[in-house]
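Trainee: Okay, here's the structure, questions in a sec.
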Amino acid sequence: MFDLDPVKSILALALIGLIVVGARAWRRRGNRVRTFIPIPLFTPVEIQAKAHDLIEAGQFDEAVKLLKKEAEVSGPDALHMARTLRRGELMPDFPGRWPEDPTGPVTEFLAEGQRKAAIFLIRDQKQLSPAEAETFVDSLTRGNAE
């Protein structure tokens, strides 16, 4: 019917095949939309306090390992968290983990000898500076909390 030499026939079949494969791929793609929503790295204040102690002791790599293991995050995320702690900032704790008045948990931390975790908790919950959080924790220690 069509007077095509072998090379033209092969090229025509290849073109038809590409069109068929492309049409199938187009139909399978559906109406999906890819979105990326960054999820913050929620980390318990107790783990942050331990890692911060290691960072202050000059054991940055150990702090990264601790964060990777105990916070159950990837290596790059643990490195990011350790750098954040080294700058004096905090990672957010899990939302809703603590009561609205964190005085009770802070008192428990102090009773367990975890003063830094108590300070980190107050910094996270009340959005205070490190000095303000220390003053608040000291006031709880003396028994005249606000």
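Where a number appears in this text, it was derived from the coordinates with a stated rule and is not lab data. Given the structure is predicted, the values throughout are model-derived calculations rather than measurements. Virtual Cβ from ideal backbone geometry, glycine too; neighbours counted across all protein chains shown.
Trainee: Quick check: Cα centre of the range 101-117 to Cα centre of the range 4-57, how many Å?
Mentor: Centre-to-centre distance over Cα atoms comes out at 45 Å.
Trainee: Here's something else I'd like to know. Under the Karplus relation 6.51 cos²θ - 1.76 cosθ + 1.60, θ = phi - 60°, what is the ordered set of whole-Hz ³J(HN,Hα) values for the range 59-64, x standing for Gly and Pro?
Mentor: Working through the residues one at a time gives 10, 4, 4, 5, 5, 4 Hz.
Trainee: Something else: Please state, rounded to one decimal and in Å, the Kirkwood hydrodynamic radius that the chain gives when every pair of distinct Cα atoms enters the mean of 1/r. Please report the intermediate quantities before stating the final value.
Mentor: Working: mean 1/r = 0.0518 Å⁻¹.
When all Cα pairs of the chain are included, the Kirkwood radius is 19.3 Å.
Trainee: Calculated FRET efficiency, A131 and W98, Cβ-Cβ r, R0 22 Å, to nearest 0.05? Write down the numbers at each step before the final one.
Mentor: Values: r = 21 Å, r/R0 = 0.96.
About 0.55, to the nearest 0.05.
Trainee: Give the long-range amide H neighbours of W98: residues separated by 5 or more places, or on another chain, with amide H under 5 Å away, using H modelled in the peptide plane at 1.01 Å from N.
Mentor: Sorted by chain and number, the residues that satisfy this come to none at all.
Trainee: With θ set to phi - 60°, apply the Karplus curve 6.51 cos²θ - 1.76 cosθ + 1.60 along the range 83-91 and write out the HN-Hα couplings as whole Hz, x wherever there is a Gly or Pro.
Mentor: So the J values, rounded to whole Hz, are 5, 4, 5, 5, 6, x, 9, 10, 8.
Trainee: Report the gain in length on full extension from R87 to R142: 0.36 nm times residue separation, minus Cα-Cα distance, nm rounded to one decimal.
Mentor: Values: separation 55, 0.36 × 55 = 19.80 nm, distance 2.96 nm.
Here the answer is 16.8 nm.
Trainee: Counting pairs on different chains as well as pairs 8 or more places apart, how many Lys pairs in the chain have Cα atoms under 27 Å apart?
Mentor: 10
Trainee: When every alpha-carbon pair in the range 40-96 is counted, what percent end up more than 13 Å apart? All intermediate terms of the calculation are to be shown ahead of the outcome.
Mentor: Details: 793 of 1596 pairs.
Of all Cα-Cα pairs in the range 40-96, 50 percent lie more than 13 Å apart.
Trainee: Each residue of the range 19-25 in turn: what ³J(HN,Hα) in whole Hz from Karplus with 6.51, -1.76, 1.60 and θ = phi - 60°, glycine and Pro shown as x?
Mentor: The phi angles translate into 5, 5, 4, x, 5, 5, 4 Hz.
Trainee: Next question. Divide by every residue of the chain the summed helix terms, -39500 (n - 2.57) for each DSSP H run of at least 4, and state the resulting mean residue ellipticity at 222 nm, rounded to the nearest 500 deg cm²/dmol.
Mentor: Details: 7 runs with 92 residues, N = 146.
Theoretical 222 nm ellipticity from helices: -20000 deg cm²/dmol.
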